[in-house]
Amino acid sequence: MREILLVLHTGRPATRRTALYVMSELGRLGLHTRVLADEWAELGPDLPAEFAPRLVPGTPECARGAEAVLVLGGDGTLLRAADLARPAGVPLLGVNLGHVGFLAEAEEDTLDEALQKLAAGAYEVEERTTLEALVRSNGTVLGRTWALNEAVVEKTTRGRILEVVLEVDGRPVSSFGCDGVLCSTPTGSTAYAFSAGGPLIWPQVQALLVVPSNAHALFARPMVIAPDSAVAIEVSADGPSAVLDCDGRRTVSVPPGARVELRRATEPVRMIRLAAQPFADRLVRKFDLPVRSWRGRSSNA
């Protein structure tokens, strides 16, 4: 039996209505749905009995055995769904019902086409790099987590500068005061890292990105490093505490003198792609970039 796990932003009435439509349409296409029990409670059982979903708890096992995780919402909803899909190795298909929705593959006006392709198996799956993050103090591991977009070590006290030493591949690179330091995947280069002044990295590029945030230093520029490089951010023992924030969802406290170690994780996030679309086209569409004067390749070339 083919099943799709549906994850949605239940805070919007329009999204709740869309979710009920999606469950009915998937049923007509021969697919069964799973829904998180707490989200179903907010939807209400306004659905024909034959299309009623199977209710599952919001645990790391809830996606196991599903063909895909279908996400209705924005990037925040997709990042939440990634928590459920990644342990099971199940691919994500995002339908943007939010604002920019950079991680989403489909938009509201292409929803029907996306559902039909999902039912027909007419899609490809690509793997996105993730980060493994570990916080260590005096040899003791204080916490371990992961990120799809970025892992950020940032200050917790507004009036004080965070003093850090940045290390790459076991060697010190620079020390400076800052608001924080980001380590981003190519997927996350369009998110917080971009806002902090980092470059955009095409998803196919195998690399990691390190971006200091509001650093007080001459050499504190964004760095694109090897995908297998190990990054460490040491927080001064004489300064304020910090926090490790991964994707704005998972946090670990970083006391003074602690060390945050970051590297590429072995477990990727799998994303469904419905059509071969150049990343440049996605940039133009999502950021509404001006391209009106483009004339393209010369016909005589």
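The values are calculated or read from the model by the stated rules, or taken from the named source; none is laboratory data. Predicted model only: the values in this text are computed from it and were never measured. Using ideal geometry, Cβ is built from the backbone for each residue, glycine included, and neighbour counts are taken over all protein chains shown. In case anyone asks, the SASA skips ligands and DNA or RNA and just uses the protein heavy atoms, side chains included. Shrake-Rupley method; radii C 1.70, N 1.55, O 1.52, S 1.80 Å.
Structure above, values below:
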quantity: Rg/Rg_globular for the stretch 1-156, with Rg_globular taken as 2.2 N^0.38 Å and Rg from C-alpha atoms; calculated: 1.12
quantity: Distance (nanometres) between label positions extended 7 Å along Cα→Cβ at residue 241 and residue 293; calculated: 5.3 nm
quantity: Residue 273/residue 219 FRET efficiency (R0 35 Å; Cβ-Cβ; nearest 0.05); calculated: 0.35
quantity: Extension gain (nm, one decimal) between residue 113 and residue 125, 0.36 nm per residue minus Cα-Cα; calculated: 2.6 nm
quantity: Principal semi-axes in Å for the stretch 173-284 [√(5λ), Cα gyration tensor, largest first]; calculated: 28, 16, 13
quantity: Förster radius 35 Å - calculated FRET efficiency between residue 21 and residue 266, Cβ distance, rounded to 0.05; calculated: 0.40
quantity: With every protein chain in place, the stretch 1-104: carbon and sulfur % of accessible area (1.4 Å); calculated: 55 percent
quantity: Long-range Cα-Cα pairs in the stretch 95-168 (distance over 14 Å), rounded percent; calculated: 78 percent
quantity: Difference of contour (0.36 nm per residue) and Cα-Cα distance, residue 205 to residue 41; calculated: 54.9 nm
quantity: Heavy-atom accessible surface of the stretch 239-301: percent carbon and sulfur, 1.4 Å; calculated: 48 percent
quantity: Solvent-accessible area per residue, Å², over the chain with all protein chains present [probe radius 1.4 Å]; calculated: 48 Å²
quantity: Kirkwood hydrodynamic radius of the stretch 128-228, Cα pairs, Å; calculated: 14.1 Å
quantity: Share of carbon and sulfur in the accessible heavy-atom surface of the stretch 111-238 [1.4 Å probe, %]; calculated: 48 percent
